[in-house]
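J.: Sharing a structure, written as structure tokens. Questions coming.
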Amino acid sequence: QVQVVESGGGLVQPGGSLRLSCAASIRIFSINVMGWYRQAPGKERELVATVTSGGSTNYADSVKGRFTISRVNAKNTVYLQMNSLKPEDTAVYYCYAHYGTRYWGQGTQVTVSS
């Protein structure tokens, strides 16, 4: 079983930046895919970004050019750098690790508001 724990959410003004972290309980080099989803109030959970063990990344169109996902194997951590944040980015952000099955974190709230 894999545990993932998110951190780094908070309140930020439009145009600002935040970096989310996702720490895994096992060595992440053995995890095929890690990524982030988000869920805004009244909306379905949507994919934000993923990164494979080989370093390939994928992004939702809505965040391309603004968000960057990266993984640091030595720290067993995946990061989501979010720049040029917009009010529509407001959501609970969930990290997951695909290791046979998907393991989810508890989520971290990101609020973009002036």
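J.: Alpha carbon centre of segment 1-26 versus segment 32-46: separation in Å?
T.: Answer, in whole Å: 13.
J.: Ok, one more. Straight-line reach from LYS43: which aspartates and glutamates have a Cα under 16 Å away, not including same-chain ones fewer than 8 places off?
T.: Once the sequence-local aspartates and glutamates are set aside, what remains near LYS43 is GLU88, ASP89.
J.: Pop out the ³J(HN,Hα) list for segment 16-22 in order, Karplus 6.51 cos²θ - 1.76 cosθ + 1.60 with θ = phi - 60°, rounded to Hz; leave Gly and Pro as x.
T.: Working through the residues one at a time gives x, 10, 9, 10, 8, 10, 9 Hz.
J.: In sequence order, what are the phi-derived ³J(HN,Hα) couplings for segment 77-85 according to the Karplus relation 6.51 cos²θ - 1.76 cosθ + 1.60 with θ = phi - 60°, rounded to whole Hz, with x for glycine and proline?
T.: Listing the rounded values in order: 9, 10, 10, 10, 8, 10, 10, 6, 5 Hz.
J.: Output the peptides 14-21, 51-58 sorted from most to least packed, where packing is the average of other Cβ atoms within 10 Å over each peptide's residues.
T.: Working: 14-21: 15.4, 51-58: 13.1.
In descending order of packing, they fall as 14-21, 51-58.
J.: Once amide H atoms are built 1.01 Å from N in the peptide plane, which residues 5 or more positions from ILE26, or in another chain, come under 5 Å H to H?
T.: Residues meeting the criterion, in which the H sits 1.01 Å from N, are GLN3.
J.: Along the charge dipole of the chain, which of TYR103, PHE29, GLN81 sits closest to the positive end, that is, farthest toward it, with unit charges on the beta carbon of Lys, Arg, Asp and Glu (+1, +1, -1, -1)?
T.: Farthest along the dipole direction, towards plus: PHE29.
J.: Could I ask something else about it? What residues qualify as long-range amide H neighbours of THR90, i.e. H under 5 Å apart, gap of 5 or more or another chain, H built at 1.01 Å from N?
T.: VAL112
J.: Could you order the peptides 92-99, 70-77, 105-112 from most to least packed, using the average number of other C-beta atoms within 10 Å per residue? Numbers along the way, then the final one.
T.: Numbers: 92-99: 21.2, 70-77: 14.5, 105-112: 17.1.
Output ranking for 92-99, 70-77, 105-112: 92-99, 105-112, 70-77.
J.: Then there's this: For segment 90-107, what does the Karplus curve 6.51 cos²θ - 1.76 cosθ + 1.60, with θ = phi - 60°, yield as ³J(HN,Hα) per residue in whole Hz, taken in order and with x for Gly and Pro?
T.: 4, 4, 8, 9, 10, 9, 9, 10, 9, 9, x, 9, 8, 10, 10, x, 7, x
J.: Amide H neighbours of LEU85 under 5 Å, counting only residues 5+ apart in sequence or on other chains, H built in-plane at 1.01 Å?
T.: GLY15, GLY16
J.: Might you tell me the accessible area per residue for the chain, computed with a 1.4 Å probe and given in Å²?
T.: Heavy-atom SASA per residue in the chain reads 52 Å².
J.: With +1 assigned to the C-beta of every Lys and Arg and -1 to the C-beta of every Asp and Glu, and no other charges, what is the dipole magnitude of the chain about the Cα centre in debye, to the nearest 20?
T.: Working: 11 positive and 6 negative charges, 48 e Å.
The dipole of the chain has a size of about 240 debye.
J.: OK, next. Among the aspartates and glutamates, which fall within straight-line cross-link reach of LYS75, defined as a Cα-Cα distance under 20 Å, with same-chain neighbours fewer than 8 residues apart omitted?
T.: GLU6
The values are calculated or read from the model by the stated rules, or taken from the named source; none is laboratory data. Treat the numbers as computed from the prediction; the structure is a model and nothing was measured. No Cβ is skipped: glycine too gets one built from the backbone with ideal geometry, and neighbour counts run over all protein chains shown. To get the accessible areas, we keep the full protein, side chains included, count just its heavy atoms, and leave off ligands, DNA and RNA. Shrake-Rupley method; radii C 1.70, N 1.55, O 1.52, S 1.80 Å.
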